[in-house]
Amino acid sequence: MSLRINDIAPDFTADTTEGKISFHDWIGDSYAILFSHPKDFTPVCTTEFGAVAQLADEWAKRNTKVMGVSVDTVEEHKKWKADISAYAGAPATFPIIDDTSLAVSKLYDMLPAEAYMPEGRTAANSATVRTVFIIGPDKKIRLMMIYPMSVGRNFAEVLRALDAIQVTDGAPFATPANWVPGQDVIVGLSVSTEDAKAKFGDVDVKLPYLRFVKKPE
């Protein structure tokens, strides 16, 4: 069965560069980002993991943990981290899962349609595609992104989406297209304009169903 928004993220235990980790226990009361990449020591993946390493302070500000996954071993991951740090100018301190068994890749449906496990496999025939899952402290999946191997992810967009999720989490808000932190948010349809004015102050009514307010601090 495919995963959906608001499903409980499947739990698992795996060996990682930071030791054996039980996923739900590792998340704890934080948000989490689980992201896969095709293979260690490949060019696009190195730029992506470098981008994640450079954003370490931003993840921490948002109470968010990040974890990578690929079909390579812990030993290979640890060697590759030196390249990531050299390229990015920042250490890759987040854990990377050893998924040589493909257990996590299959659990999260990270493999492309044509994936198989031949002798001497390569990134082209048995590696994960570029998936991103944002998971809440309640262990529910809040967002999923899937990119092909040839397209590097925009982690500024992952960060922006995380901000939008946290702004709207448990609040009667939504964010408009291209929203960034600091901009107005949309009042949920469950809240009347009168109630919105009482709770949030000025309401900018663009259409009867499209109403903006400043995000409460």
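The values are calculated or read from the model by the stated rules, or taken from the named source; none is laboratory data. Fair warning: this is a prediction, and the values are worked out from it, not measured in the lab. As a convention, Cβ positions derive from the backbone with ideal geometry for all residues, glycine included, and neighbour counts pool all protein chains shown. Side chains included, ligands, DNA and RNA excluded: accessible areas come from the protein's heavy atoms. Shrake-Rupley method; radii C 1.70, N 1.55, O 1.52, S 1.80 Å.
Using the structure shown, list the pairs from Lys139/Lys197; Lys65/Lys199; Lys61/Lys214 with a Cα-Cα distance above 29 Å, or answer none.
Working: Lys139/Lys197 33 Å; Lys65/Lys199 33 Å; Lys61/Lys214 22 Å.
Those over the limit are Lys139/Lys197; Lys65/Lys199.
For Leu143, enumerate residues with amide H under 5 Å from its amide H, sequence gap 5+ or separate chain, H modeled in the peptide plane.
Here the answer is Ile134, since their amide H atoms fall under 5 Å of that of Leu143.
Under 5 Å between amide H atoms, partner at least 5 residues away or on a different chain: which partners does Met149 have, H built in plane at 1.01 Å?
Residues meeting the amide H criterion: Arg130.
Keeping all protein chains in position, work out how much accessible area Met67 exposes to a 1.4 Å probe, and write it in Å² to the nearest 10.
Counting only protein heavy atoms, the figure is 0 Å².
For a test of the definition: using alpha carbon positions, the gyration tensor, and the 1.5 limit on a/c, classify the range 1-43 as rounded, prolate or oblate.
oblate
Taking H placed 1.01 Å from N in the peptide plane, check which residues at least 5 places from Thr93 or on another chain put their amide H under 5 Å from its amide H.
Correct list: empty.
Which is farthest toward the positive dipole end of the chain among Phe49, Thr64, Ala86, measuring Cα position about the Cα centre, with Cβ charges +1 (Lys, Arg) and -1 (Asp, Glu)?
The Cα lying farthest towards the positive end belongs to Thr64.
In percent, what relative contact order does the chain have, based on Cα pairs under 8 Å that are 6 or more apart in sequence?
20 percent
For the chain, give the magnitude of the charge dipole about the Cα centre (Cβ charges: +1 Lys/Arg, -1 Asp/Glu; no others), in debye to the nearest 20. Please report the intermediate quantities before stating the final value.
Values: 23 positive and 29 negative charges, 90 e Å.
Roughly 440 debye for the chain.
Which whole-Hz ³J(HN,Hα) couplings does the range 130-147 yield from phi under the Karplus relation 6.51 cos²θ - 1.76 cosθ + 1.60, θ = phi - 60°, glycine and proline marked x?
8, 9, 9, 10, 9, 10, x, x, 7, 6, 8, 6, 9, 7, 9, 10, 9, 10
Just the number please: accessible area per residue for the range 1-113, 1.4 Å probe, all protein chains included, in Å².
Values: 5090 Å² over 113 residues.
With the other protein chains kept in place, the range 1-113 gives 45 Å² per residue.
With θ set to phi - 60°, apply the Karplus curve 6.51 cos²θ - 1.76 cosθ + 1.60 along the range 167-181 and write out the HN-Hα couplings as whole Hz, x wherever there is a Gly or Pro.
Each residue's phi maps through the Karplus curve to give 5, 9, 5, x, 10, x, 10, 9, 10, x, 4, 6, 4, 10, x Hz.
At a probe radius of 1.4 Å, what is the per-residue accessible area of Glu18, in Å² to the nearest 10?
Probe radius 1.4 Å; accessible area of Glu18 about 100 Å².
Go through Val104, Pro208, Thr16 and say which Cα lies farthest out towards the positive end of the charge dipole of the chain; charges sit on Cβ, +1 for Lys and Arg, -1 for Asp and Glu.
Pro208
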